[in-house]
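Remarks on the structure that follows.
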Amino acid sequence: MAILEIRNVSRRYADLSAVDEVSFSVEAGEFFTLLGPSGCGKTTLLRMIAGFEAPDAGQILLDGVDLADTPPEKRPVHTVFQSYALFPHMTVWDNIAFPLKMAKKPQEEIRRRAQEALEQVHLADKSSHFPHELSGGQKQRVALARGLVNQPRLLLLDEPLGALDAKLREEMRGELIDLQREVGVTFVFVTHSQQEALALSHRIAVMNRGRVEQLDEPSRLYGYPANRFVADFIGDINLMEAEVTEASHSHLKLRVPGLGEVMAPPLPDAKAGEKGALALRPEQARISAHAQTAELKNHFHGTVRGFLYLGDVTVYTVELDNGVSMDALLANSAPGRAKFFDIGDDVFIAWRHDAGLFLRE
Ligand code: ATP
């Protein structure tokens with residue numbers, strides 16, 4: 001059974017629909033992420049689950065029970081904020097034990113549970129330190145431990161890695177995955193970082209303007225985005241206007257202005273004359289100096305106009321002969337290699353007939 005059910009939940013601020021008829025459910029033990037650009041309503045939704053805000057319409061159920069009449073402090077839910085919200089004058093141990101002391105738990109239970117939470121976040125050797133003596137990542141781990149010590153049904157995480165630098169964020173991602181697996185508590189995680197969402201989540205709800213655009217597993221969202229918004233928001237993608245000229249159960253033929261005929265994988269119910277977009281990931285576009293890619297059905301000549309060196313890969317921007325611009329990615333597998341092509345180089349771009357995706361909206 002779903003642990004959390006969001007049923008047609010809406011929340012307005014004056015004439016702005018911050019959350020607009022959102023429905024989904026979260027399974028027990030799941031790492032569930034709300035992903036979307038700034039202002040899409042993800043924090044408002046999280047705050048409603050926590051009870052800090054009330055929906056204008058709809059229901060939020062935890063373990064099948066409507067939470068409408070349960071105040072935030074009575075909900076078996078804990079929120080971890082980006083700002084850590086630690087007590088600066090208390091040691092790590094006291095910060096973690098605080099919720100148990102407030103709940104007037106017996107001494108022995110406080111000791112046991114605080115120790116357990118401390119070990120879960122690998123901070124047993126820091127128990128007598130004060131927050132100012134900890135790194136950002138360590139402070140965030142104390143904040144997590146303070147959440148876990150309550151044994152909540154749901155741990156809500158609002159951009160918890162937002163304040164950390166890139167390297168530490170990466171480290172904490174790994175730790176969050178391990179922690180969630182070990183402890184088994186259900187996570188509802190909010191982020192605007194698509195990379196973070198893809199790396200951490202079992203499932204992701206992509207939000208835009210208060211609505212859920214698509215809810216799916218990371219690889220499905222990346223591989224089969226439902227529309228242009230999701231395609232563009234998750235990863236990099238080439239999007240080109242396209243019209244279906246032939247639809248069969250084995251393939252689509254598309255007309256792309258400037259490119260001519262392009263083959264694409266089939267789409268149920270597609271009909272000739274339908275307009276939409278061809279979406280192609282840069283890593284699906286093969287770039288080469290010679291026309292050796294001619295065996296691929298989609299095959300075009302162009303000129304390199306720019307490149308972006310990202311360390312592990314370089315992304316080339318290629319202007320095809322008809323003026324269409326496309327990004328193609330190539331791994332820099334040889335050490336010290338920064339690029340294979342230069343600006344002005346003649347190249348060929350090709351992709352498999354089953355690589356692109358036709359998007360209706
Ligand atoms: P961010 O990543 O920037 O935090 P978000 O996706 O979490 O964005 P929300 O904080 O949920 O977005 O806000 C959704 C919309 O509702 C925004 O347009 C925001 O300005 C508006 N909003 C949020 N809280 C209030 C409030 N208390 N009063 C008025 N408008 C609000």
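General remarks:
- Any chance GLY39 is small (Gly, Ala, Ser), more than 15 Å from the ligand (Cβ to nearest atom) and either assigned to a strand (DSSP E or B) or surrounded by fewer than 17 Cβ atoms within 10 Å (Cβ to Cβ) (or both): no
- Residue match in the range 292-302 (condition: among the β-branched types (Val, Ile, Thr), assigned by TED's automatic domain parsing to the domain that holds HIS251 and touching a helix residue (DSSP H, G or I) at 6+ places or on another chain (Cβ under 9 Å)): no
- For the range 121-149, the set of residues classified as closer than 23 Å to THR191 by Cβ and part of a loop (DSSP other than H, G, I, E, B) consists of VAL121, HIS122, LEU134, SER135, listed by residue number.
- Check on GLU108, within 15 Å of the ligand (Cβ to nearest atom) and acidic (Asp, Glu): no
- The residue of the range 42-68 that is nearest to MET1 (Cα to Cα), among those that are under 23 Å from the mean Cα position of the chain (by Cα) and more than 8 Å from the ligand (Cβ to nearest atom), is ILE60.
- Those residues of the range 101-126 which are under 33 Å from the mean Cα position of the chain (by Cα) and either farther than 25 Å from ARG169 by Cβ or polar (S, T, N, Q) (or both), in sequence order: ARG113, ALA114, GLN115, GLU116, GLN120
- Residue ID - farthest from PRO282 (Cα to Cα), chosen from residues in the range 303-337 that are polar (S, T, N, Q) and in contact (Cβ under 8 Å) with a residue 12 or more places away in the chain: ASN322
- Against the numbered list (1) within 13 Å of the ligand (Cβ to nearest atom); (2) closer than 28 Å to ALA117 by Cα; (3) modelled with pLDDT of 95 or more, ASP20 comes up short only at (2).
- Filter result for VAL26 (within 16 Å of the ligand (Cβ to nearest atom), over 30 Å from HIS132 (Cα atoms) and not charged (D, E, K, R)): no
- Filter pass, GLU73 being within 13 Å of the ligand (Cβ to nearest atom), in the same structural domain as PRO131 (by TED's automatic domain parsing) and over 19 Å from the mean Cα position of the chain (by Cα): no
The values are calculated or read from the model by the stated rules, or taken from the named source; none is laboratory data. Please read all numbers here as calculations on a predicted model, not as lab measurements. Glycine also receives a Cβ, built like all others from the backbone with ideal geometry; neighbour counts cover every protein chain displayed.
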